[in-house]
Structure formats: C-alpha cells, structure tokens
Amino acid sequence: MQTIPPSEHIIPPSESLIEYPSDFPIKIMGPTHVDFAPTMLELVISHDPTFHAGRMEERPSGKGNYTGLTVTVRAISREQLDALYMALSGHPMVKIVM
C-alpha cells in the first residue's frame, strides 16, 4: 500500500477542512478472523482513549471472506487522525482504510 509522506499532504494541516474536535468515521476492511475486530478496537483505543466498542459497526462481506468495520473516533487533531490512519494502514490484517 502506498502512503503519502507527511511533507506531501494535499491540504496543509493549517487549512484542514475538518473542525476539531469532531466525530470522524473511518472504514476498515480486513479478512474475516476471530481476532480482527478486537485487534482493531485495541489499535483505535491506543489513538483515541475515549473510544468504546459501541462506536464500532461490523459487517461481513457478501461471501463472508472479509469484514468491514466502521469506527467513529473523536478526532481532536489532524496529527491524531494521520497517526491512526498510518497505524491502521500499516497493520498486517488490514486491507483497506477509508
């Protein structure tokens, strides 16, 4: 997965279109596995300590091979979101982060 280095952000952090703090949904897709959701929950909590499992939605793919998660974090800064996206996209169980 290709990532954009922080120095090449399309929109500079000072011109962010997101007002902080705000609730921000993130979609995560990975293989269906008993540890997928708990592992992602732990990772998300490490970046948003106020996050709880009630803010995570889980949906299986049509054939059941993949699981989609939507987590709605309380974003307090661009740096927090960038760090969370980097951690999620770099995790070996994650296929897609949106």
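Observations
- Consider region 46-98 and keep the residues that are over 12 Å from the mean Cα position of the chain (by Cα) and β-branched (Val, Ile, Thr). The one that is surrounded by the fewest Cβ atoms within 10 Å (Cβ to Cβ) is THR50.
- Meets criteria (loosely packed, with under 11 Cβ neighbours inside 10 Å, modelled with pLDDT of 95 or more and of a type in the set (A, V, I, L, M, F, W, C)) for VAL34: yes
- Every listed requirement among (1) within 23 Å of LYS95 (Cβ to Cβ); (2) at pLDDT below 70; (3) over 17 Å from the mean Cα position of the chain (by Cα); (4) surrounded by 10 or more Cβ atoms within 10 Å (Cβ to Cβ) is met by ILE11 save one, (1).
- ARG55 in contact with a helix residue (DSSP H, G or I) (Cβ under 6 Å, 6 or more places away or on another chain) and touching a residue at least 12 places away in the same chain (Cβ under 8 Å): no
The values are calculated or read from the model by the stated rules, or taken from the named source; none is laboratory data. Bear in mind that the values here come from a model prediction, so they are computed numbers and not experimental data. Every residue, glycine as well, gets a Cβ built from its backbone with ideal geometry; the counts of neighbours run over all protein chains shown.
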